[in-house]
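Undergrad: Handing you this structure, nothing more for now.
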């Protein structure tokens, strides 16, 4: 067996379920994580489920997204999250403690366990030899309540890494090369399992860069074995007892094999406005740069920031470049201070931000108009930075610091000899977690005025008469559907208010038009809903009256979120039919419930042109039950009656 199969087999809810790719399985979840941008909705849903204590081994509520407190909303949400954590037995990580993925890797990730997180980059912890999966918040709430997690068994692809990275080439260049080869939809319903002789040269933080950004491939997750490298990392965090060796069998079978010779890689960069628009850095040399941001959950480890500080010992930042550093955790910040690297960064003119997500989600540090920003982040969708006209590139810390010094995109190999890095064997800083106590169950939950009750949704109707509210192209992201940023993120616990921003990045009139038609449909191209796990991109559609999304194909998490909230995600039986339907067309779908129950294609009658289109789907028994009930919460309530 491969490692993915071994861990999944050990967590199957029903041991007789076959691990056959494409078949639905259910697994027990050991750990969960949430962050504050998604967490308020998760815990409102958890309250609705009516449990008294968490049923997982460990659950952690992190505050790392909405830390820019420009009004009462974020502060109120944080007090809500802290009180919920105290009441239900959840570990709470307060603002400034660090980014959830960096913190979880350092403190809680354990080889062989399962982790479900309400953030698409939860697979970061799979660098530790565990199965870590990003999912919608309602799935997290159910996991905390002891419900199994249902997932389509993915194909497991063996990514064999050989050779050794040359100086100035890093783990970021490995994942960028995979994105170049396979695109943002190349990993749909797949797991990338890494093996090969090169693994002994890749530290856990380097592996985490790869598993983190594997989300941009559309992967269910990625995974590295738990080996001596893992053992060393856990020992450095004072967690040696959590280590155990985990690896695939020598004759493990895979659905495919990808071989990457690390010695042949060179510095890579993702160009605007998608993570798979990857080129060699050398091809873009001379491009003027206005801003450089180093950090985020992808590249904010001590190793990543130490290489930057080491380069800056003898060099200066270009005066035309805005240079921004965001450490991944307070542990990283403390170690930078202890080693003297922080002083180097401060003297370099760097702006040192709090240990949070910050610029990655448009929460401050937006670039100038039409500015070029090089970022060590994982996404560069148009407008995500907070500036619609900006050109955002994704690269390694090595490439980023080379550009910050030169004032233009520069191959980092031009910097000379790679500095030697000294990584401590022990990190002695301990984060400021708030651990629950046994007598906290009577804690009163604090609710600010921005926290609104969950909307109630009706069951699926036998006949749907709707209007096409908008027609979209390929690769529409959840950032397009429900943007982040300092203006919108504080409304995450207020569905009526945040729904007013739905798809406004694409069409400012969408919310108004959706409410006017009362029952709406969205038509989209391939890979609809790529990007983050934010379930708000689904629940706001349902709140605005969207009943059906008809696309050429869906991203995994967003499709699940649509089903969770009772929105029908269906695909064209014939992709060419995409051209036969237009915005504002009136659509009639008859016998919906009957057809879904009998797995028949839905017939969409386009009354505007007197033409019928067939739509297909792959709903299993549970999906069907959810859709008929109007979503996952109504389904669970029906069962508990």
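Undergrad: Among the candidates 173, 197, 227, 242, single out the residue that is under 23 Å from residue 295 (Cα atoms) and either in contact (Cβ under 8 Å) with a residue 12 or more places away in the chain or touching a strand residue (DSSP E or B) at 6+ places or on another chain (Cβ under 7 Å) (or both).
TA: 173 is the lone residue from the list that is under 23 Å from residue 295 (Cα atoms) and either in contact (Cβ under 8 Å) with a residue 12 or more places away in the chain or touching a strand residue (DSSP E or B) at 6+ places or on another chain (Cβ under 7 Å) (or both).
Undergrad: Those residues that are free of Cβ contacts under 8 Å to residues at least 40 places away in the same chain and under 24 Å from residue 410 (Cβ atoms), I need them from the range 337-359; list them, please.
TA: If the condition is that a residue be free of Cβ contacts under 8 Å to residues at least 40 places away in the same chain and under 24 Å from residue 410 (Cβ atoms), then 341, 344, 346, 347, 348, 349, 350, 351, 352 are the ones that fit.
Undergrad: Within the range 246-260, take every residue that is in contact (Cβ under 8 Å) with a residue 24 or more places away in the chain and not in a strand (DSSP E or B) and give me the one that is nearest to residue 57 (Cα to Cα).
TA: 247
Undergrad: Please specify each residue of the range 463-481 satisfying the condition of being part of a loop (DSSP other than H, G, I, E, B) and either surrounded by fewer than 21 Cβ atoms within 10 Å (Cβ to Cβ) or over 22 Å from the mean Cα position of the chain (by Cα) (or both).
TA: Within the range 463-481, 463, 472, 473, 474 qualify.
Undergrad: Here is a follow-up. Listed residues 252, 208; which is surrounded by fewer than 24 Cβ atoms within 10 Å (Cβ to Cβ) and either under 26 Å from the mean Cα position of the chain (by Cα) or closer than 21 Å to residue 187 by Cα (or both)?
TA: 252
Undergrad: Kindly provide the set of residues from the range 404-429 that are out of contact with any strand residue (DSSP E or B) (no Cβ under 8 Å at 6 or more places or on another chain) and over 18 Å from residue 339 (Cα atoms), ordered by number.
TA: The answer is 405, 406, 410, 411, 412, 413, 414, 415, 416, 417, 418.
Undergrad: Could I ask something else about it? Among the residues that make up the range 519-534, is at least one of them more than 22 Å from residue 189 (Cβ to Cβ) and surrounded by fewer than 21 Cβ atoms within 10 Å (Cβ to Cβ)?
TA: yes
Undergrad: Right, another one. Which residue out of 561, 574, 591 is surrounded by 14 or more Cβ atoms within 10 Å (Cβ to Cβ) and either under 30 Å from residue 184 (Cβ atoms) or in contact with a strand residue (DSSP E or B) (Cβ under 7 Å, 6 or more places away or on another chain) (or both)?
TA: 561
Undergrad: Considering only residues that are over 12 Å from residue 114 (Cβ atoms) and part of a loop (DSSP other than H, G, I, E, B), which ones fall in the range 1-38?
TA: 1, 2, 14, 15, 16, 17, 18, 19, 20, 21, 22, 23
Undergrad: Would it be correct to say that residue 41 is more than 25 Å from residue 558 (Cα to Cα), in the same structural domain as residue 115 (by TED's automatic domain parsing), outside any strand (DSSP E or B) and under 21 Å from the mean Cα position of the chain (by Cα)?
TA: No; evaluated as a whole, the condition is false for this residue.
Undergrad: Going through the range 492-511 one residue at a time, which ones are touching a helix residue (DSSP H, G or I) at 6+ places or on another chain (Cβ under 9 Å) and either in a helix (DSSP H, G or I) or free of Cβ contacts under 8 Å to residues at least 12 places away in the same chain (or both)?
TA: Across the range 492-511, the qualifying residues are 495, 496, 497, 498, 499, 500, 501, 511.
Undergrad: So which residues in the range 176-198 are modelled with pLDDT of 95 or more, closer than 24 Å to residue 6 by Cβ and buried (at least 17 other Cβ atoms within 10 Å of the Cβ), if there are any at all?
TA: 178, 190, 191, 192, 193, 194, 195, 196, 198
Undergrad: Moving to a separate point now. Condition check: closer than 22 Å to residue 292 by Cα, modelled with pLDDT under 95, touching a strand residue (DSSP E or B) at 6+ places or on another chain (Cβ under 6 Å) and surrounded by 18 or more Cβ atoms within 10 Å (Cβ to Cβ). Does residue 385 satisfy that?
TA: So residue 385 fits the description; yes.
Yes or no, residue by residue, for (1) closer than 20 Å to residue 143 by Cβ; (2) in contact (Cβ under 8 Å) with a residue 40 or more places away in the chain:
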| residue | (1), (2) |
| --- | --- |
| 533 | yes, yes |
| 549 | no, no |
| 554 | no, no |
| 579 | no, no |
| 588 | no, yes |
| 615 | no, yes |
| 623 | yes, yes |
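Undergrad: Report the residue count in the range 388-403 for those that are part of a loop (DSSP other than H, G, I, E, B) and touching a strand residue (DSSP E or B) at 6+ places or on another chain (Cβ under 9 Å).
TA: So the answer is 3.
Undergrad: Being modelled with pLDDT of 95 or more, surrounded by 24 or more Cβ atoms within 10 Å (Cβ to Cβ) and touching a helix residue (DSSP H, G or I) at 6+ places or on another chain (Cβ under 9 Å) narrows it down to one residue among 77, 173, 119; which is it?
TA: 173
Undergrad: In this structure, does residue 449 turn out to be assigned to a loop (DSSP other than H, G, I, E, B), out of contact with any helix residue (DSSP H, G or I) (no Cβ under 6 Å at 6 or more places or on another chain) and closer than 14 Å to residue 73 by Cβ?
TA: Here the answer is yes, as residue 449 does meet what is asked.
Undergrad: Could you pull out every one of the helices (runs of 4 or more DSSP H) wholly within the range 557-641 that has 2 or more residues that are in contact with a helix residue (DSSP H, G or I) (Cβ under 8 Å, 6 or more places away or on another chain) and within 27 Å of residue 531 (Cα to Cα)?
TA: The helices (runs of 4 or more DSSP H) meeting that bar are 621-629, 632-640.
Undergrad: Going by the conditions given, is residue 487 part of a loop (DSSP other than H, G, I, E, B), out of contact with any helix residue (DSSP H, G or I) (no Cβ under 6 Å at 6 or more places or on another chain), surrounded by fewer than 17 Cβ atoms within 10 Å (Cβ to Cβ) and at pLDDT below 90?
TA: yes
The values are calculated or read from the model by the stated rules, or taken from the named source; none is laboratory data. Here the structure is a predicted model, which is why all the values come from computation and not from measurement. FYI the Cβ positions are ideal-geometry reconstructions off the backbone, even for glycines, and counts take in every protein chain you see.
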